[in-house]
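Coordinate-derived values only; no laboratory data. None of these values were measured; they are calculated from a predicted model. Don't worry about glycine lacking a Cβ; one is built from the backbone with ideal geometry, like all the others, and counts go over all protein chains shown.
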Amino acid sequence: MKRLLTVWIVLAALAFLVAACLDGSSSNPEIRTIDPFHPPPPGQKAPDYVVELNLENRYDFDIIPTGVNGTPLEFNRDHLDNHLEPLQIPPGLVRFVFTNTGTISHNLRLEGTTPDGRRLDLVTPSVQHYLSEGEMWEMTIDLWEGDFLLTCAVTNHDGRGMWRPMVVTSGVDYPPPVLRTS
């Protein structure tokens, strides 16, 4: 009888865990929502551009830009032609706010060449820290004109489609961001 009761308790606990995992809401209390248009910390310059990105793997592994300074962007969500759909932004202080809209862990890598010819390779949050499903992160960087590449630095995610070329050029323009007040 004890064994049957133990089996029943274990099965009930497993059913509870499976139900919790299938629930669409996040059970991670550490996940925070970032307002892309928050004011800068005291003493820091406001961004010239706010770029919103989704890190996706549900339908196709991809990095999908969704907006610049509140202006919605449209990308076809097919990574096979990402080379034909680069994100284009002007040079300046850029705040990237990205959300893991996928179902597995991701991070964001920005690669390019500095104006003096050195290699730029930034990974955020870091090479060892990934974003969980629903988690948001931000990175601010002063960008110059040039060609860059956005990828996910998690093993083989870029090879599965999580990459997006980015062209920083004065040939595009967006209205200024409307930052919220404190």
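Let's see if you can work this out: charge +1 on each Lys and Arg Cβ, -1 on each Asp and Glu Cβ, no other charges. What is the dipole magnitude of the stretch 70-147 about its Cα centre, in debye to the nearest 20?
200 debye
Need one word for the stretch 91-152: rounded, prolate or oblate. Basis is the Cα gyration tensor (sqrt eigenvalues a ≥ b ≥ c); a/c below 1.5 gives rounded, then a/b vs b/c decides.
prolate
Suppose R0 equals 30 Å. What FRET efficiency, 1/(1 + (r/R0)^6) with r the Cβ-Cβ distance, do Asn156 and Asp116 give to the nearest 0.05?
Once the sixth-power term is evaluated, E becomes 0.40.
Under 1.5 on a/c is rounded, so check that first for the stretch 40-182, then, if it is not, pick prolate when a/b is larger than b/c and oblate when it is not; a ≥ b ≥ c are the square roots of the alpha carbon gyration tensor eigenvalues.
Rounded shape, in that the Cα axes give a/c under 1.5.
Count neighbours as other Cβ atoms within 10 Å of each site's Cβ, and list the trypsin sites (Lys or Arg not before Pro) in the stretch 96-182 that are DSSP loop with at most 13 such neighbours.
Filter output for the stretch 96-182: Arg118, Arg180.
Do any GluC sites (Glu not before Pro) in the stretch 94-182 lie in a DSSP loop with no more than 14 other beta carbon atoms within 10 Å, and if so, which?
Filter output for the stretch 94-182: Glu145.
Compute for the stretch 33-92: radius of gyration divided by Kirkwood radius, i.e. Rg/Rh, restricted to C-alpha atoms, rounded to two decimals.
1.04
Expected output is a single nm value to one decimal: the length gained when fully extending between Leu93 and Asn76, i.e. 0.36 nm times separation in residues minus the C-alpha distance. What is it?
Once the chain is fully extended between Leu93 and Asn76, it gains 3.4 nm.
Please go through the stretch 31-70 and write out the chymotrypsin sites (Phe, Trp or Tyr not before Pro) that DSSP classes as loop and that have at most 14 other C-beta atoms within 10 Å.
Hits after loop and neighbour filter: Tyr59.
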